[in-house]
Each structure stands twice: as C-alpha cells, then as structure tokens.
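The structure appears below as structure tokens.
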Amino acid sequence: MVTLTDVLNIALSANPELAVALREREAVDGIRVQAATRLNPSISTSVQDTRRENRQIYLQLNQEIELGNKREARMDAADATYKKANAELDSKKAEIHANVVSAFYELLAAQERLKLSQSSLEVANQALDASAKRVKAGKSSPVEETKSKIAQSSAKIELSQATSQLNSARKRLSALWGSSNPVYEYAKGDVENIPAIASLNDLSSALENAPAITIAKLEINARDGITKVERSKATPNITLSAGVVNNQELGGINQALLGLSVPIPVFDRNQGHVQEAVSRQYKAQDELVALKAQLEANLAFQYERLNAARQTSESIRSEILPGSQSAFDAATKGFQAGKFNFLDVLDAQRTWFQAKSQYIQSLIDAHQAVAEIERILGDGVIHHQAQE
C-alpha cells in the first residue's frame, strides 16, 4: 500500500528525467569553471640559417592578453546559464510533482471504478439467480432470464475493462520513478478530498514566480550575458613576447628579444555574432511576453475547470447519487419480491452506475485541474492533505 506522500518521495528521488536535469546542471557548472580560466602561454623556437657559423636560434615565450573584459563577460554569462539550469531543475521537480499527483488520483479513481464494476457484477449475479428461480417457478418468462444473462455478461465486460484501467494506472504511476512493474498493490487516499485553492486573482499574482516564467527571465539574462561576450570580442587581444636569440655570427652571444602583436580589426569586428546575440536576446524577451499570456490563459482555464468539476461532483454527490441509489435499492427489492420486472431493475442499475461513474470522473477532473495549476505555478502553491 502506498500514499501520495510515499509516491512523491519515491518519484523525486528516482525519476529518470530529474537525473537528466541534474546532469545538465553539472555540465553547466563545468562551463562556469572553464569561463574563469585564463589563456595559456605558448613557447616557440626557430632556427635561422642551417649553417653552424651563421646560425641564429630563437627561443620565445608568448602570452596572449585578453582585453575588453572578455573573461569577466564569460564568467557573467556562465553564471547566468547556471542559474537557468538551476531553475530548470526546480521546474522539472514541479512537473514531476504535478505528474505524480495526477497519476495518483487517476489510480484512486481506477480503484473506485473497479469497486463499482464489482458491485455491478454482484448485483447482476443476484438478478440472474432471482430470474432463474422465477422462471423455474413459472412466475416469469424465460426472456427475463436471458436479459439477466446479457446484463451479467455486460457487467463482466465492465469489470474486465475496469481491471485493465487499474493496471494501466498503476503502471503509469510507477513509470514516474522508472519502474515498469508496480511494487505496490493498493493506493490509499481520499479521492473525494479536492484541495482548496486561492482565488484566481491570487493565483495570477503568483504567476510571476512560476517556474516557466523564471526560466524565461533567466534566459533573457543568459542572452544578455552572451551579447556582452560577443561585444567584448570586438576588442582585439594583444600578444606579448619575450625571449632570447643566440647569434653564432657574433660569437654565440645571447640577445634579449621582446615583441608585441596587435591584430588590426579592419574587416572582422565580430559584428555578425553581435547581431545574432542581440536578436536572440530580443527573441527571448518576446517569448517571455507570449509565455505570460499563454500561462495566464491556461491558468484561468484550469481554474474554471476545477470549479466546474467541484460543483458537478458536489451536485452529483448530494442530489443525484442518493436518489439513484434509493431507486436502485427499491427496484432490486421489488424485483426480488416479484413486484417489478427485470427491465425496471436494469434501468435503475444503469442510472445508478452512470451517476457513480460521472461522480468519479468529476473528481478526477478536479484533481487533474489542481495538478495542472501546480504544474503552472510550482508544487508549493497547493498543499495536499497527507494520506497516511
């Protein structure tokens, strides 16, 4: 047996997609390390004139010096990318949380559907037994027994489908922590407990800190950092050289050698890469605007979906289920007493079964809407009652 708390802990510790996000953050941390490194020096040697008496041997140490704050720009861009990777990891956790909540309540609903199908089959078996006895006693037509057998067969099919749906729900949930074979038999929870949430205005105000919005903002910062890196490349680096030259023509005297190399940015000023970086920064800003509008619309939709599902479930629970249950019980007792025919029982049973199915579906719709709101705003915005 597992609870919602159990499966959340398991999924957050073993989800394969979360492991991928962790590896990505480790990789980006390597980018930060590399961005802070300085350029390596180089050593070079050359020989002028192969004749021994005229030979000149050069030995030179070269060091390229970065100008234009290139290293600082790289470090800032790497830090921005690392913050984005951190935010993506948090977003992945929120997504997994929402997926687990949705899958868990789908499993609870599947368990309820199985119970409903088992109850329906039990009633069908009782109706068939009663029909067989009445036909044997000559109180009913054999047609009635035939209809009872058909109803029983239909109930068996519904039970088989409910069992299949339950097995699929169990596998979908266990797949969230990378397991193809569920290690539990039963999920414990209250599917009728729909979490209370804040008003739409309060939820909308929390949208600014939503994981996707945070990532989009950090993407803008990262693009700004890349733009600064590309702009810094417009300033050329200089290379300082120091060494000695051994001159055999002068009797093997060693002479000091100093040098300075400065590229002349006449043609290549990195203008193309700067244009690309600036355009991608503007693109990230436009994407943030579009994302906000999209999430705002989706949040409003899920909020209305939750309210509609909550009202539907409450209406069915308080108004429809009691009446359909009472009518079904009365029809069953009347049939067993010989007061009603089987069609009355079948009609009452169908009405009760449909009402119960609609009730379960409205509950799962509500929980799915809650999970989607959590997916949008993050897993800390709604607190589920612990199922122990």
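The values are calculated or read from the model by the stated rules, or taken from the named source; none is laboratory data. Here the structure is a predicted model, which is why all the values come from computation and not from measurement. Glycine also receives a Cβ, built like all others from the backbone with ideal geometry; neighbour counts cover every protein chain displayed. Please note that ligands, DNA and RNA were not included when accessible areas were found on the heavy atoms of the full protein model with its side chains. Shrake-Rupley method; radii C 1.70, N 1.55, O 1.52, S 1.80 Å.
Here are the numbers:
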{"read-out": "Near pairs, Cβ below 9 angstrom, 6+ apart or cross-chain, from segment 345-364 (touching a residue at least 60 places away in the same chain (Cβ under 8 Å) and open to solvent by less than 20 Å² (accessible area, probe 1.4 Å)) to any residue that is not polar (S, T, N, Q) and not in a helix (DSSP H, G or I)", "value": "360/191; 363/191; 363/192; 363/194; 364/191"}
{"read-out": "Of the criteria (1) aromatic (Phe, Trp, Tyr); (2) in contact (Cβ under 8 Å) with a residue 40 or more places away in the chain; (3) exposed (fewer than 15 other Cβ atoms within 10 Å of the Cβ), which one residue 267 fails", "value": "(2)"}
{"read-out": "All positions within segment 52-78 that are of a type in the set (Lys, Arg) and either touching a Leu at 6+ places or on another chain (Cβ under 6 Å) or within 30 Å of residue 233 (Cβ to Cβ) (or both)", "value": "70, 71, 74"}
{"read-out": "Residues located in segment 260-306, provided they are hydrophobic (A, V, I, L, M, F, W, C) and not in a helix (DSSP H, G or I)", "value": "260, 262, 264, 266, 267"}
{"read-out": "Residue match in segment 214-225 (condition: modelled with pLDDT of 90 or more and either loosely packed, with under 13 Cβ neighbours inside 10 Å or assigned to a loop (DSSP other than H, G, I, E, B) (or both))", "value": "no"}
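Residue-by-condition table, conditions (1) within 30 Å of residue 191 (Cα to Cα); (2) of a type in the set (Gly, Ala, Ser):
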position	(1), (2)
7	yes, no
20	no, no
23	no, no
35	no, yes
44	no, yes
47	no, no
62	no, no
68	no, yes
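Here is a yes/no grid of residues against (1) assigned to a helix (DSSP H, G or I); (2) touching a residue at least 24 places away in the same chain (Cβ under 8 Å); (3) open to solvent by 30 Å² or more (accessible area, probe 1.4 Å):
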{"site": "115", "(1), (2), (3)": "yes, no, yes"}
{"site": "123", "(1), (2), (3)": "yes, yes, no"}
{"site": "135", "(1), (2), (3)": "yes, no, yes"}
{"site": "143", "(1), (2), (3)": "yes, no, yes"}
{"site": "146", "(1), (2), (3)": "yes, no, yes"}
{"site": "159", "(1), (2), (3)": "yes, yes, yes"}
{"site": "162", "(1), (2), (3)": "yes, yes, no"}
